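Worksheet for the structure shown next.
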Amino acid sequence: MVLIGVDPHKMTHTAVAIDGDETPIARVQVDADGRQIARLLAWAEPLGNERVWAIESAAGLGQLLSQQLVAAGEVVVDVPAALSARARLLGSTKAAKNDPNDALSAAIVALRNRDLRVVGADGHNAVLRLLADRLHDLTASRTQTACRLHVVLRELIEGGAPLRLRADRAAKLLRSTRPTTAVDVERRRLGLELVADLRRCDLAITEQKTRIITAVAVTGTALLEIHGVGPTVAAIILGQVGDPARFPSRDRFAAYNGTAPIEASTAMVKRHRVNQRGNRRLNHALHLIAVTQVAHDTPGRAYYQRKLDEGKSKKEALRALKRRISDAVWRQLQVDLDRR
């Protein structure tokens, strides 16, 4: 079998093919244009039909290239950039940072690691991820606009505005001001412009949530049966997970979402520490579920209280609850798999 490592970029893609002994046997660089797939496939044809494409960051810069190769019937695996960099640095002859060495490192990682994610054709979960990411961006934009509006109101009105600021409330406050200087007149005008921006953000967020509700309903996901999981949280989870089949156990899923603690033992001392890695968007979704369950009369709240009674801090108890929620989410994802 031939492993073909690819280092994708916006303007060019560099591919290096290796054999089972990690020996490079071919190399090519193609322009990132409408003929990139045709050129790569023509170059790879003499290498035989038993080949695997190892693309660095197949969900990032290599997204389009990966999907085009999958559509052409090729086998593609996703090589995390961190693994590729590690392989490059550990190789005495491959430490130089350039595109061919990056592509070679990606191929070596794929040769040594058999559990890399196999890239499949984008499905409905990809739609959910796009919708959830757009909602995240809109929410961040609204927060930024509201913060700027708070600054303007603070400079115009004693005490400023309430923390949770709505467009109608801000407009009413601005109308109540009577600017006496040119600076205050401009501040008021700026405030009204920001109010208009806030209204546009609110409208866009409402429309985006409606689209998410419709898209999640199509899936018929069992995630909605978990207390604290609404359409938005379900869209985040399904979008970030992609194919649930790539998590054969709840432990693998917990390691991926960062709810499983990391072992930090040395000599005879056995201990664990908080996992700050993992998929942070997925971890945040689990955090939202945990906070919602703690705020209501649920089994999750009872579990949280038991941990507090055991002497755990609030953060420790919440982390323990998030791990239990991770297991529950994994089980519901398996239900979704069985329904396919």
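Once you put a point 7 Å from the Cα of residue 312 and another 7 Å from the Cα of residue 112, both along the Cβ direction, what distance in nm separates them?
3.7
Could you work out the relative contact order of the chain? I mean the mean sequence separation of Cα pairs under 8 Å and 6+ apart, divided by the number of residues, in percent.
This gives 13 percent for the chain.
Under 13 Å from a label point 7 Å along Cα→Cβ of residue 143: give me every residue in the stretch 207-249 with its amide N that close.
Of the residues in the stretch 207-249, none has backbone N under 13 Å from the label point off residue 143.
For the stretch 1-68, which GluC sites (Glu not before Pro) pass both filters: DSSP loop (anything but H, G, I, E, B) and at most 13 other C-beta atoms within 10 Å?
Within the stretch 1-68, the qualifying GluC sites (Glu not before Pro) (loop, at most 13 other Cβ atoms within 10 Å) are 50.
As an exercise, identify the GluC sites (Glu not before Pro) in the stretch 107-201 lying in DSSP coil whose Cβ has no more than 16 other Cβ atoms within 10 Å. Don't jump to the answer; show the numbers that get you there.
On the way: sites: 155, 158, 186, 193; in loops: 158.
Answer by residue number: 158.
What are the aspartates and glutamates whose alpha-carbon lies under 14 Å from the alpha-carbon of residue 10, with same-chain residues fewer than 8 places away excluded?
Partners found: 31, 33, 56, 99.
For the stretch 234-249, in order, what is each residue's ³J(HN,Hα) by Karplus, 6.51 cos²θ - 1.76 cosθ + 1.60 with θ = phi - 60°, in whole Hz (x at glycine and Pro)?
4, 5, 5, 5, 5, x, 6, 6, x, 8, x, 5, 7, 10, x, 9
Return the long-range amide H neighbours of residue 75 (sequence gap of 5 or more, or a different chain), with a cut-off of under 5 Å between placed amide H atoms.
53
Gaussian network model of the chain, Cα springs within a sub-10 Å range: biggest mean-square fluctuation belongs to which of 136, 150, 284?
150
Arranged by the count of other C-beta atoms within 10 angstrom, fewest first, what order do 236, 213 take?
213, 236
What trypsin sites (Lys or Arg not before Pro) in the stretch 95-143 are in a loop by DSSP, with at most 16 other Cβ atoms within 10 Å of the Cβ?
Details: sites: 97, 112, 114, 117, 129, 134, 142; in loops: 97, 114.
The qualifying sites are 97, 114.
Sorting 221, 12 on the 10 Å Cβ count, fewest up front, what's the list?
In order of increasing Cβ crowding within 10 Å: 12, 221.
Considering amide H positions built from the backbone, and no H for Pro or chain starts, which residues 5 or more places from residue 61, or on another chain, come under 5 Å of its amide H?
Distant-sequence amide H within range of residue 61: zero hits.
Enter the angle in degrees (range 0 to 90, nearest 10) between the Cα long axis of helix 81-90 and the first principal axis of the Cα atoms of the chain, meaning the one along which they spread out most.
50
For the chain, set up a GNM with springs between Cα atoms under 10 Å and report which of 132, 42, 260 has the largest fluctuation.
It is 42.
Starting with the fewest neighbours, write out 210, 23, 259 ranked by other beta-carbon atoms found within 10 Å of each beta-carbon.
23, 210, 259
What would the Debye formula give as log10 I(q)/I(0) at q = 0.16 Å⁻¹ for the alpha-carbon point model of the chain, no solvent?
For the requested q values the scattering log ratios are -1.25.
In deg cm²/dmol and to the nearest 500, what is the mean residue ellipticity at 222 nm of the chain if only DSSP H runs of at least 4 residues count, each as -39500 (n - 2.57), divided by the residue total? Could you put the intermediate results ahead of the total?
Values: 12 runs with 193 residues, N = 340.
The helix-only estimate for the chain comes to -19000 deg cm²/dmol at 222 nm.
Pull out a ≥ b ≥ c, the square roots of the eigenvalues of the alpha-carbon gyration tensor of the stretch 225-339, then state rounded if a/c is under 1.5, prolate if not and a/b is larger than b/c, and oblate in the remaining case.
oblate
Going by the alpha-carbon gyration tensor, a ≥ b ≥ c the square roots of its eigenvalues, is the stretch 74-150 rounded (a/c under 1.5) or, if a/c is not under 1.5, prolate (a/b greater than b/c) versus oblate?
oblate
Give me a comma-separated list of calculated 3J(HN,Hα) values for the stretch 28-44, in order, Karplus coefficients 6.51, -1.76, 1.60 applied at θ = phi - 60°, integers in Hz, x for any Gly or Pro.
8, 10, 10, 6, 7, 9, x, 10, 4, 5, 4, 5, 5, 5, 5, 5, 7
With the chain treated as a Gaussian network of Cα nodes joined by springs under 10 Å, which of 311, 300, 62 yields the largest mean-square fluctuation?
Of 311, 300, 62, the Gaussian network model singles out 311 as fluctuating most.
I'd like the distance separating the alpha-carbon centroids of the stretch 46-106 and the stretch 127-155, in whole Å.
35
Using the alpha-carbon atoms, what tilt in degrees (0 to 90, nearest 10) does helix 314-339 show relative to the longest principal axis of the chain?
60
Label the stretch 2-118 by shape, choosing from rounded, prolate and oblate, from the square roots a ≥ b ≥ c of the eigenvalues of the Cα gyration tensor; if a/c is under 1.5 it is rounded, and otherwise prolate applies when a/b is larger than b/c, oblate when it is not. Mind dumping the intermediate values first?
Working: a/c = 1.40, a/b = 1.31, b/c = 1.07.
Rounded.
Bear in mind that the values in this text are calculations on the coordinates, not laboratory data. Please read these numbers as outputs of a predicted model, since none were measured by experiment. Positions of Cβ are generated from backbone atoms using ideal geometry, with glycine treated the same way; all protein chains shown enter the neighbour counts.
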